[in-house]
Amino acid sequence: MEPLIKNDTVLLGVLMVILGFIFKTSSSKNPFWQKFYKVIPMLLMCYFIPSLLTTFKIVDAENSNLYYIASRYLLPASLILLTLSIDLKEVLKLGPKALIMFITGTIGVVIGGPLAILIVSAFSPETIGGVGPEAVWKGMTTIAGSWIGGGANQAAMYEIFKPSDSLYSIMITVDVIVAEIWMAFLLIGVGKSVQLDRFFKADATAVNVLKKKMHDFSLRIARIPSLSDLMVILAIGFGLTGLAHLFSGGLAGFFQENLPILERFSLTSQFFWLIVLATTFGLILSFTKARNYEGAGASKIGSVFIYFLVATIGMKMDIFEIFSNPGLFVVGGIWMLIHVILLIVMGKIIKAPYFFLAVGSKANIGGAASAPVVAAAFHPSLAPVGVLLAVLGYALGTYGAWVCGLLMQTVAP
């Protein structure tokens, strides 16, 4: 069936209208919309409505360049603008709990894959069978790469373990849908974070102090942005994105040529260096007067870019795919459940605030595209915490997924 919309310019307009509608209704005083968004988080709608365009064949996401543009141009620019205002000293005061929860999430993905294979093989061995390029475990390595790091790590696993193209396509769908279902639960939890902190017996003082300090800083320097302010903010975001692209190719090529063994750490990936350089540039600027551009709305512009990226990610999801191979979604669901259980158990043990659980999980499962958005759902000023943990996820992604792949190969029937 031919898609209704083939032109990316038209699709860009449609996605922006969808985002505009969601933001307008989410800030509405209408009782219906207020009740609606108390149940269904706004961010979830930014993923879900674009997914309907693909599900009902209105668009063909595979032949659209919008995701590529959003991930390569808008994402690095948004990371620069979101980290511009970060107070690194205050972030470090959050202590080791954020890092512990992040690493727990990574371990949950690494051991969750082989455990999911063992569990499903007990009642449905044909679901996780296959030989050669059709071996299901090979396809699952690409999910591990995506869930620990991101798209670059996923592509690395595809190159290392060589699953078939058809299997890879199914795994991308399992990856996106299972991850977004978990995202929905995380976002619903944001509204109940006080009760969840009580459940974990957590002291969220450090998070609240950081939130207040960064919010106070934003208010202190707030001003009505002039045209000059907006042009300088865009110059900073896209100028440094250009610089990140310029250096990322050279760095990736250098490691590919001289230290190819470091491919497991994503150091040969241009996208990895793009994200790391963009975040580094933002962090450097946070120690300069450029930080004051936060008062003119730097992080708001960065958030616009991120939300457009979110819409293009949602567009890649076909909900009907769940019914095409339900067994693999069961495997993915069990895998995610192991990740979640480990996080809850560790959160209980170290009495971590729900914020650390949510951001630690999404820094793994969603990377730089989702972690700052989830962090910002708690408060916009917390977005940089998600960015920093997501960068760590990119660094560990390929190595962790490679280990996961070897474990899954060992236990696969």
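Values quoted throughout were computed directly from the atomic coordinates according to the rules given, and no laboratory measurement underlies them. Please read these numbers as outputs of a predicted model, since none were measured by experiment. Note that we place each Cβ from the backbone using ideal geometry, even for glycine, and neighbour counts take in every protein chain shown.
So how do 2, 294, 257, 180 line up by other beta-carbon neighbours within 10 Å, fewest first? It would help to have the intermediate numbers written out before the result.
On the way: 2 6, 294 25, 257 9, 180 20.
The order, fewest Cβ neighbours first, is 2, 257, 180, 294.
Taking the C-alpha atoms only, the angle from helix 270-285 to the longest principal axis of the chain is near 20 degrees.
Just to check, using Stokes-Einstein with a Kirkwood Rh over alpha carbon pairs, what's the diffusion coefficient of region 177-277 at 4 °C and 1.567 mPa s in µm²/s?
In µm²/s, the coefficient is 71.
May I ask you to order 139-149, 351-361 by the average number of other C-beta atoms within 10 Å around their residues, highest value first? All intermediate terms of the calculation are to be shown ahead of the outcome.
Numbers: 139-149: 30.3, 351-361: 27.2.
With the highest mean Cβ count within 10 Å placed first, the list reads 139-149, 351-361.
The amide H of residue 59, built 1.01 Å from its N in the peptide plane, has 4, 5, 54 as neighbours under 5 Å, considering only residues 5 or more places off or on other chains.
Plugging the Kirkwood radius over Cα pairs into Stokes-Einstein for region 16-58, at a temperature of 10 °C and a viscosity of 1.306 mPa s, what D comes out in µm²/s? Mind showing how you got there, number by number?
Details: Rh = 10.9 Å.
Calculated translational D: 146 µm²/s.
Please enumerate, by chain and number, the lysines with C-alpha under 23 Å from the C-alpha of residue 24, excluding those fewer than 8 residues away in the same chain. Once the sequence-local lysines are set aside, what remains near residue 24 is 35, 38, 300. Enter the angle in degrees (range 0 to 90, nearest 10) between the Cα long axis of helix 42-55 and the first principal axis of the Cα atoms of the chain, meaning the one along which they spread out most. Tilt of helix 42-55: around 50 degrees. Listed by chain and number, the aspartates and glutamates placed with their C-alpha closer than 14 angstrom to that of residue 348 are 197, 203; residues fewer than eight positions away on the same chain are left out.
Ranked highest first by average number of other Cβ atoms within 10 Å, how do 78-85, 324-331, 28-35 line up?
Numbers: 78-85: 30.6, 324-331: 16.9, 28-35: 10.2.
Packing order, densest peptide first, comes out as 78-85, 324-331, 28-35.
Overall, the anisotropy analysis places the chain in the rounded class: the square-rooted eigenvalues a ≥ b ≥ c of its C-alpha gyration tensor yield a/c less than 1.5. Ignoring aspartates and glutamates fewer than eight residues from residue 162 along the same chain, the ones with Cα atoms less than 19 angstrom from its Cα are 134, 175, 263.
Other residues with beta-carbon under 12 Å from the beta-carbon of residue 43 carry, at +1 per Lys or Arg and -1 per Asp or Glu, a net charge of 0. Pairs exceeding 28 Å between alpha-carbon atoms, taken from 29/93; 57/192; 97/212; 93/289: 29/93; 57/192. Annotation: peptides 66-77, 240-251, 372-383, ranked by per-residue average of other Cβ atoms within 10 Å with the highest first, follow the order 372-383, 66-77, 240-251.
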